[in-house]
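One structure is given here, and the rest of the page talks about it.
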Amino acid sequence: MEKINETKDLRGRHDLLSTKAMARLVPPYLEGLNAAQREAVEALDGPVLMLAGAGTGKTKALTARFIHLIKAGRAQPNEILGVTFTNKAAYEMKHRVTSLLGYNVDGLKWLGTFHSVCARFLRTHAELAGLHSNFTILDTDDQLRILKQLIIAERVDEKRWPARLLLGIIDSWKNRAFTTENLPRSENDIYDGKGPAFYSMYQARLKTLNACDFGDLLLNVVTILQQNRDILLHYQKVFKYILVDEYQDTNVAQYY
């Protein structure tokens, strides 16, 4: 009886030591992940979709997946396109990746918000969008100022048809990947029938100023990739993995 108990005790100690040893073998970027998160992080082949509620660690798992792909030798940092929506989420992702891998933040040039990643792409291929690489990115106040100038020049009653309304219309067109060339006829009556004309005038003014707005950052990239197959094929070869945070919130332009 004593022998049996002694054997059980030895086995128990061995199991405990094995568990502790295994715990030490778990990479730091996998610590704190549950089973489902780890499964998503460690899946190396084929598409992976994580469905989870707010605040359940989707961004944390995506960041861990970014690191795991590098640790597993599947890709270098510049071969992974990782996009999210907010500057805060992008900062947290970059900070965690750099702290665990030791890379300089500048080495993660394709990890950031949709707009920052598209801005980087656009500065490389600006001439294909009719811009120079040192183009200016306009904020809302700049956009409204330009639209008000156009509205006054066209003698439109801004009290009845305010610039902010027109700006919202143009933004919605860009979010749906509508350029001035492919705008559907169903949109012709918008803004008292003058929406498409103002859209064209607004875009022409931006080109003159060597500027673009936030909607253009995405729309210009979509247009360049659709119209230049050689560039599309190049980036398809560059990016071995594409990671999208909060995928369900992407609009049409972001989805492209």
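Values in this text are rule-based calculations from the coordinates and carry no lab data. Since we're looking at a predicted model, the values are computed, not measured. Reconstructed Cβ throughout: ideal geometry from the backbone, glycine too, with neighbour counts over all protein chains shown.
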Stretched fully, the stretch from ARG185 through ARG120 gains (0.36 nm per residue minus C-alpha distance, one decimal, in nm) 20.1 nm
What does the extension gain come out to for ASP45 and HIS234, with contour length at 0.36 nm per residue minus their alpha carbon separation? 65.9 nm
Cα-based equivalent ellipsoid of the chain: semi-axis lengths in Å, sorted from largest, via gyration tensor: 51, 19, 15
On the formula 1/(1 + (r/R0)^6), with r taken between the Cβ atoms of ASP249 and ARG160 and R0 of 30 Å, the FRET efficiency rounded to 0.05 is 0.35
Helix-only [θ] at 222 nm, the chain, -39500 (n - 2.57) per DSSP H run of 4+, per residue, nearest 500, equals -17500 deg cm²/dmol
Between the modelled labels at ASN104 and ASN175 (7 Å from Cα along Cα→Cβ) the distance in nm is 3.8
First measure r as the distance between the Cβ atoms of ARG38 and ARG74, then evaluate 1/(1 + (r/R0)^6) with R0 = 22 Å and state the FRET efficiency to the nearest 0.05. 0.85
Taking the Cα centroid of region 51-83 and of region 139-177, what is the distance between the two, rounded to the nearest whole Å? 39
Please tell me which of these pairs span more than 24 angstrom C-alpha to C-alpha: LYS88/LYS109; LYS88/LYS148; LYS207/LYS240; LYS174/LYS207; LYS60/LYS240? LYS88/LYS148; LYS207/LYS240
Please state the shape class of region 136-209: rounded when a/c is under 1.5, otherwise prolate if a/b exceeds b/c and oblate if not, all from the C-alpha gyration tensor. oblate
Fully extended contour minus Cα-Cα distance, from ARG145 to ALA54, at 0.36 nm per residue: 29.0 nm
Shape call for region 185-256, from the Cα gyration tensor axes a ≥ b ≥ c (a/c under 1.5 means rounded, otherwise prolate when a/b beats b/c, else oblate), comes out prolate
Counting only other residues whose beta carbon sits under 10 Å from that of ALA129, what net charge do I get with K and R as +1, D and E as -1? -1
Can you compute 3J(HN,Hα) from phi for each residue in region 83-89, using the Karplus curve 6.51 cos²θ - 1.76 cosθ + 1.60 with θ = phi - 60°, rounded to whole Hz and x for Gly and Pro? 10, 9, 9, 10, 4, 4, 5
